[in-house]
Each structure stands twice: as structure tokens, then as C-alpha cells.
């Protein structure tokens with residue numbers, strides 16, 4: 001839980017006094033928690049920015065440096081992959097907006113530094129979905145899951161393409177046409193995201209979300225997700241993004257609120273900013289938090305949600321788990337599915353997932 | 001061999017080292033590493049400078065290995081380009 | 001302080017509490033296990049290794065234990081865990097030490113990216129290291145064990161760690177694993193080497209571990225430049241034959257046998273080029289271990305005649 005993320009959170013927050021007083025045992029815990037959170041390389045980047053990297057003791061420093069080697073490779077690889085995706089879609093005349101990590105990288109944002117990238121996420125117009133799949137297939141990206149249930153889950157129920165994996169390079173692309181699954185309760189309009197997207201210099205017909213949309217998408221993705229293995233990393237993203245954009249543009253915060261209202265995403269933004277502030281001291285203007293209050297849970301539910309997310313957003317690590325953590329994670333998992341799909345689909349889906357987990361683990365043993 | 005023109009996939013930087021038994025080429029970007037003949041390296045470097053047609057590539061091959069004839073050069077070229085294309089390292093150029 | 005300074009009961013107790021901190025080359029492993037047989041095996045194979053205080057930084061927190069309460073009594077399996085991550089399927093309890101050794105290798109291969117990590121045996125003589133990259137079954141472990149018993153220093157039998165900054169090999173000496181026939185070869189060949197059995201019918205057949213020489217362990221901080229890349233091949237009845245091996249092919253072999261070359265990018269390429277450039281690359285076919293070792297000694301002392309190295313065929 002959040003309170004056990006010490007001294008990792010203070011280091012991420014740039015608390016020099018904590019850094020100066022760290023014992024070997026604290027470095028030991030910090031490196032392990034950072035690894036479990038996928039934040040080792042990001043920690044290096046933050047310590048370097050704070051001018052503290054050279055003072056990190058030798059052994060922990062090796063782990064930070066090793067993580068940076070991996071992160072650097074990821075950056076190179078994703079940049080390469082984006083180029084290949086661009087070729088494929090440009091040939092088919094399909095405009096695409098890069099999302100999440102891929103967008104942060106191409107926009108040269110701090111959130112891309114030290115990042116371990118997983119999939120590439122892009123958004124295309126709904127009508128172009130089938131063409132996109134064809135164009136990518138031609139270049140070697142195929143559907144991941146052979147399981148017909150999962151195919152149906154993606155295509156029919158979630159109205160999404162299943163993730164496509166490249167046959168040789170094993171990199172994965174997620175092609176979206178909405179911000180949230182069409183079955184979700186919130187209905188942010190993807191056409192607004194497309195309309196206000198900014199062209200990516202040097203890549204014809206490829207775009208980046210506008211700053212407010214980048215932040216909103218990050219918050220929405222996190223707070224509609226069922227599995228929070230990288231919850232803390234996503235909060236660090238939000239922290240990086242908002243600090244950067246706020247420093248660049250005094251109108252950023254009011255613009256963000258306005259956009260959240262337009263996109264019906266005040267709820268996820270409320271949570272995103274609240275927990276970024278709680279974990280990382282992200283400077284959020286008081287007026288904004290107030291204005292978003294109504295989009296959050298009521299006075300009674302809020303402490304419960306705080307307790308759930310204090311556990312759910314911490315990494316899966318022995319040092320961060322208390323007795324309530326497994327229950328908290330399960331509740332957040334169910335909540336995310338509840339947000340993504342109607343009840344009539346939800347219960348059978350959860351039942352099947354549970355069966356698969358049990359059955360699969362029996363096969364293993 | 002169709003198509004007629006080829007280029008190095010955009011975003012690749014070539015690094016290489018020559019030894020007696022061949023040249024090792026590192027494709028920075030995708031991160032591939034391949035062992036090839038000196039002729040293969042010359043062809044790659046030619047493609048790195050700009051798109052080239054098959055005939056021009058055969059010219060490069062012959063210049064690099066004067067003992068070879070156009071037919072065997074064409075054969076070797078088809079093989080090399082085929083492998084590199086499959087690995088996503090060279091692309092055909094649409095006319 | 002070294003492991004053998006502790007009484008066996010203390011080792012077992014410290015291991016149970018998860019406070020056994022052993023320094024192995026550049027890494028400190030914090031070990032935990034409730035298995036008495038494993039404690040005894042660790043105490044024996046790692047007798048000469050330095051111990052670190054429990055309050056210090058550990059690079060890897062590892063554990064070998066039954067995966068859950070049920071498995072403690074039924075099927076008696078054990079699993080290897082690195083700080084909550086279980087990379088392998090559980091194995092029978094009798095193979096706990098082999099599982100631990102695999103796990104310790106895995107930690108380095110997966111995480112030690114400040115080195116270029118190559119799947120190879122590495123030994124040293126006269127201040128120069130010999131790398132022997134080879135797929136399993138090539139006889140490199142037998143050769144490695146033989147060399148180590150004839151005055152060569154053991155740097156590693158599995159993982160060559162190359163530092164990109166200076167191209168030096170960092171030692172990571174650990175028990176040498178031997179399989180099947182190699183075990184008997186070494187029993188006949190070695191005099192005072194400790195060899196311990198693990199159970200038969202692991203996936204790889206019979207597996208045993210040979211305790212690393214105390215000298216190799218004590219000099220684990222001494223990094224050395226590589227001078228030879230050797231590709232060995234055992235062929236029963238064949239005379240010892242040494243041939244030059246193409247540097248281009250040698251580099252490709254190192255790259256293919258590396259655990260992390262593909263994430264080191266251009267830096268890894270330059271590191272490998274530098275290693276291959278400075279090394280003599282050779283392939284070696286042998287049918288008799290004692291004769292093979294004589295050839296290696298002459299190679300190390302620079303007394304091989306030019307025609308002892310045949311032209312590459």
C-alpha cells in the first residue's frame with residue numbers, strides 16, 4: 001500500500017533529505033519496489049534531474065543503469081516500430097493518432113524517458129478499422145489469441161480489434177477506434193480526439209493527441225483498467241505530463257477541465273489527479289480539484305475508494321501488501337469490468353476468467 | 001525479380017566491421033545483426049545512400065567483385081534482398 | 001568472513017530466516033530456504049565464499065522452497081523465486097540445488113545489463129581469459145572443469161560477463177555443473193575436486209556439481225582481458241586439432257549465445273567487435289581430456305608452433 005512505498009515515493013517526489021539519509025537496507029527495498037513497479041529507469045532519470053545520481057551507492061546504481069540499458073533499447077525499438085506502422089498505414093491512406101507511450105516518445109516528453117514500452121496503441125477512425133487490420137496484416141502483424149472466446153470478446157463485445165503481434169519481431173499493436181470500449185458507461189467521443197489531434201512532424205498522416213487529451217487518456221486508461229500491475233508507473237506518467245504541460249501553458253489547467261467536460265471524462269480525471277497528488281504530490285490547482293469533486297464518489301464512498309486505490313495502485317510486491325490488498329485488487333478488477341461492460345456480459349465473463357485461471361494452474365502443477 | 005526498385009527501410013543506421021571471413025553488419029533501429037559478404041555490405045551501403053533499381057544494384061555487385069557475371073550477381077542479389085525484405089530491413093519502392 | 005566460518009546449524013538457521021548473504025563475483029545474493037538438505041549443499045559448495053551482513057544491499061533476493069503448503073507434503077516439489085517472481089516450473093525436492101543454480105544464473109542473465117552476458121565458460125591463465133561459447137553437449141563443461149583442476153582460474157562455467165567500458169571479463173565463479181558421462185570423466189581425472197551428486201533423471205540426465213577452487217573464489221574481484229575465443233567439440237577417438245575460426249563467425253556466435261546482446265543495441269555491437277578484434281578465435285576438436293589440457297597449456301604459455309594451428313579448412 002501507499003504508506004509502505006518508502007523511500008521510493010519520497011525519492012520520486014524529489015525529497016533530498018530522504019535521499020541523503022538512506023541506508024543500504026533502504027536502497028535494497030527501494031530498488032526492489034521500483035523494479036516491481038516498472039520504475040527503475042524512471043527513478044534513474046528523476047535522480048539525474050535532481051543532480052543526485054552520482055551519489056547513489058555503487059550496487060544500487062548498477063541496477064538503475066541496467067534498467068536504463070533496457071529502457072534505451074525499448075525507446076529505439078518503439079521508434080522503429082512506429083516507423084513501420086506508419087509505412088503500413090500511409091500506404092493504405094489511413095490517418096492514425098498515436099496514444100500513450102508511443103505518443104510521449106514522439107512528442108519528446110519526459111514521460112518517455114526511462115520507460116519500458118509494451119504495446120503500441122493507435123486510434124483510427126471507426127470506418128478504417130477493417131482496412132487498418134488488413135494493412136497491418138500485410139506487413140506481418142497477426143491476431144494474438146487463437147482462442148475463439150477471446151476473439152469474440154474483443155470483436156463483438158468490446159468492438160475492438162484483438163491485439164496484433166508481428167510474426168518476426170513479436171511487437172504488439174493495439175488498434176483502437178474509441179477511447180473507451182463502446183460498451184462502457186462513459187462515452188467520450190473519439191471524433192473530438194481525432195479533430196483536435198496535432199500532426200506529427202515528419203510522419204505524414206500520423207498525429208499526437210493534444211495535451212489535454214494525452215492527460216485524459218492516461219487517467220482514463222488507468223482508472224478503467226482492471227489490472228494495476230503498473231498503476232504507480234501510470235501515476236508517474238500523469239505527474240510528468242501535467243507538470244510539463246502546466247509549465248508550458250498557463251491556460252493548461254482550465255483547458256483540461258473544459259476538455260474533460262466535453263469528453264465526459266471528469267470521473268477518471270478526478271481520480272487521476274487525486275491519486276497523483278496523494279502518491280506523488282503532483283501540484284493540482286485547488287480550484288480544479290474542487291470543480292471535479294462532483295465527478296468523484298460521494299462523501300461516504302471516497303474513503304473506501306482511497307483505501308482500495310492505496311492498495312491497488314501500489315506494485316505487486318510482498319513489501320506493499322497487507323491483508324486487505326488481495327480483496328482490494330479483486331474489487332478494483334470487478335469495478336473496472338463493470339465500467340467497461342454491461343452486467344449481462346460481465347458475470348459470465350468473470351466466471352470464465354476465474355475458471356480459466358484455476359483450470360490453467362491445475363494443468364501446470 | 002519484382003519489384004524493380006529498393007531502398008533501405010527508413011530509420012536504419014548501418015554499422016559494420018570487416019574481417020577475413022565476412023562483414024558483420026549491425027542495423028541500428030531494428031537492432032538486427034547479420035554476417036554477409038563484402039559485396040553484400042557494398043549493396044547495403046549503396047541502398048543506404050538512396051533507392052536503386054535492380055540493374056544499378058547488379059552494377060554495384062559487379063564493381064565490388066569483378067570476377068562475377070551478371071547472372072550470378074542477379075541470383076545473389078535476389079537472395080540477399082529476399083532475406084532483408086523478409087526481415088523488414090529493405091522496402092520496395094512504389095513507382 | 002566466509003561461509004565455512006559458520007557452523008552447519010548456523011547456516012541452516014540463517015538460510016531459514018532468509019538472511020544468508022553470499023557474495024558471488026559482482027553480485028550479492030540473499031538466500032532463503034527451509035530445506036535442510038539444501039542448506040548442507042550450500043554450506044559445502046559455497047564454503048569459501050564471502051558472507052555479507054544482512055543489513056547490506058543485496059542484488060537478488062532468492063528463495064527455494066515448496067511453492068505452497070500442500071506441495072510440502074504431496075509430490076514434494078520446490079520452486080525458485082526471485083523477489084516474488086517464479087521463472088521456472090517447480091522441480092522435485094531432490095533437485096533443489098540444481099534448481100537454485102539455474103535460478104542464480106537466471107538472475108544474472110535477466111538483469112545484469114551493465115555487462116554483456118554471454119552463455120559461455122570462461123577460464124584464465126597468465127592474466128588472460130579464454131571464452132568458450134558453446135551449446136549444451138559440446139563438452140565445454142568437462143573441459144572447463146578439467147582446466148580448472150589443472151591450474152586455470154575459474155571465472156564462470158556458464159556466464160561470461162563482459163564490461164563494455166574496458167572489455168574486461170568479470171569473474172562470477174560458482175559450482176561447475178556436470179552432466180552424465182562428464183561426471184565419471186571428472187571423477188577419474190580429478191584428484192581432490194569435490195563432486196556431489198544430485199538425483200538422477202533431471203531433464204538433462206544425471207547432474208552433479210563440482211565445488212569451485214578456493215583460489216578462484218578468492219580472486220573473484222580480478223577482472224582480466226579476453227585473449228582467446230575457443231569453440232570446442234568433443235569427438236571420441238579424435239586427435240586434438242586446433243584450427244583458426246573466422247572472426248565474423250565468432251562474433252555472430254557470441255551474439256547468438258548472448259542473453260542480452262539484443263537489448264544492448266549499438267553499444268553491445270561495439271563491445272563484441274572489440275572482444276573479437278583482440279582475441280585469437282579458434283575451434284578445437286578433441287577426443288582425450290588430458291591431451292586437450294596439454295594443448296591449452298601450451299596455448300596459454302605461447303609455446304604453440306604456427307603449424308600446430310592448422311589452416312581453416
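A few comments on the model shown:
- Between A:137, A:259, A:59, the Gaussian network model of chain A with springs among Cα atoms under 10 angstrom shows the greatest mean-square fluctuation at A:59.
- Rounded tilt (10° steps) of C:289-301 against the dominant C-alpha axis of chain C: 70 degrees
- Counting only alpha carbon atoms, the long axis of helix C:96-111 and the longest principal axis of chain C meet at about 60°.
- Ellipticity at 222 nm from helices only: DSSP H runs of n ≥ 4 in chain A, each -39500 (n - 2.57), divided by the residue count, give -18000 deg cm²/dmol.
- With only Cα atoms counted, segment B:11-89 has Rg and Dmax values of 12.1, 34 Å.
- FRET efficiency for the pair residue C:233 and residue A:131, taken as 1/(1 + (r/R0)^6) with r the Cβ-Cβ distance and R0 = 41 Å, rounds to 0.15.
- With a simple spin-label model that places each label point 7 Å from the Cα along the Cα-to-Cβ direction, the separation between residue A:50 and residue C:303 comes to 6.1 nm.
- Using the Cβ-Cβ distance between residue B:56 and residue A:262 with R0 set to 51 Å, the FRET efficiency from 1/(1 + (r/R0)^6) comes to roughly 0.40.
- For C:76-85, mean number of other protein chain Cβ atoms within 10 Å: 2
- Peptide B:29-37 shows a mean partner chain C-beta count of 6 within 10 Å per residue C-beta.
- Per-residue Cβ neighbour rank within 10 angstrom, fewest leading, A:215, C:86, C:123, C:285: C:86, C:285, A:215, C:123
- Extending 7 Å from Cα along the Cβ direction at residue B:16 and again at residue C:288 yields two label points whose distance is 4.7 nm.
- Candidates A:202, A:93, A:255: whichever shows maximal mean-square fluctuation once chain A is modelled as a Gaussian network with Cα springs under 10 Å: A:202
- Over 28 Å [Cα-Cα, chain A], rounded percent: 47 percent
- 10 Å Cβ neighbours from other chains, averaged over peptide B:16-23: 6
- Label-to-label distance, residue A:338 versus residue B:83, with points set 7 angstrom from Cα along the beta-carbon direction: 5.8 nm.
- Among A:141, A:330, A:355: highest mean-square fluctuation, GNM of chain A, C-alpha pairs under 10 Å: A:355
- Helix C:36-45 axis, angle to chain C major axis (alpha carbon atoms, nearest 10°): 30 degrees
Computed from the coordinates by the stated procedures, all read-outs in this text should not be read as laboratory data. All of these numbers come straight from a predicted model, not from anything done at the bench. Note that each Cβ is placed from the backbone with ideal geometry, even for glycine, and that neighbours are counted across all protein chains shown.
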